[in-house]
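Trainee: Below is the structure I would like to discuss, written out as structure tokens.
The values are calculated or read from the model by the stated rules, or taken from the named source; none is laboratory data. These figures come from a predicted structure and were not determined experimentally. Ideal geometry is used to build each Cβ from the backbone, glycine not excepted, and the neighbour counts take in all protein chains shown. What goes into the accessible areas is simple: the full protein's heavy atoms, side chains included, and nothing from ligands, DNA or RNA. Shrake-Rupley method; radii C 1.70, N 1.55, O 1.52, S 1.80 Å.
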Amino acid sequence: MATQQEFESAVERSKTLTERPSNDVLLKLYALYKQGSEGDVNTERPGGFDFKNIAKWDAWKKQEGKSQEEARAEYVQFVNELTSK
């Protein structure tokens, strides 16, 4: 499991990636971050033509049921993979 400090460090490192990640990678980072910091999705799904926020909400919703500790550990591991390339 990742400590809170490791999670926060990974968040900072994710902001300094040399190349812009693909949308799928960005959605995974977002979803794991939200699950790790807030837990299960706690808002209504956006409606209408707000496609960006719908995609983000859906990605977070897929993490539902995963503990915050698991999500933080997965986030740290994922950022480590991205920064070691």
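Trainee: Report the residue, chosen from Gly39, Gly65, Gly47, that carries the largest GNM mean-square fluctuation when the chain is represented by alpha-carbon nodes joined by springs under 10 Å.
Mentor: Taking springs between Cα atoms under 10 Å, the residue moving most is Gly47.
Trainee: Between Phe78 and Arg45, what FRET efficiency comes out of the Förster formula 1/(1 + (r/R0)^6) with R0 = 25 Å and r the beta carbon distance, rounded to 0.05?
Mentor: 0.55
Trainee: By a straight-distance test (C-alpha under 18 Å), which aspartates and glutamates pair with Lys66 as possible cross-link partners, with residues fewer than eight away in the same chain excluded?
Mentor: Glu38, Asp40, Asp58, Glu74
Trainee: Quick one: pull the percent of accessible area on the chain belonging to carbon and sulfur, 1.4 Å probe, ligands and nucleic acids left out.
Mentor: Here carbon and sulfur together make up 48 percent of the probe-accessible area.
Trainee: Want the number for Asp24 to Glu64: 0.36 nm per residue separation, take away the alpha-carbon distance, what's left?
Mentor: Answer, rounded to one decimal: 12.6 nm.
Trainee: Per-residue counts of other Cβ atoms within 10 Å, averaged by peptide: what ranking do you get for 11-17, 74-80, highest first?
Mentor: With the highest mean Cβ count within 10 Å placed first, the list reads 74-80, 11-17.
Trainee: So what is the calculated 222 nm ellipticity per residue for the chain, using -39500 (n - 2.57) for each DSSP H run with n of 4 or more, over all residues, to the nearest 500 deg cm²/dmol?
Mentor: -20500 deg cm²/dmol
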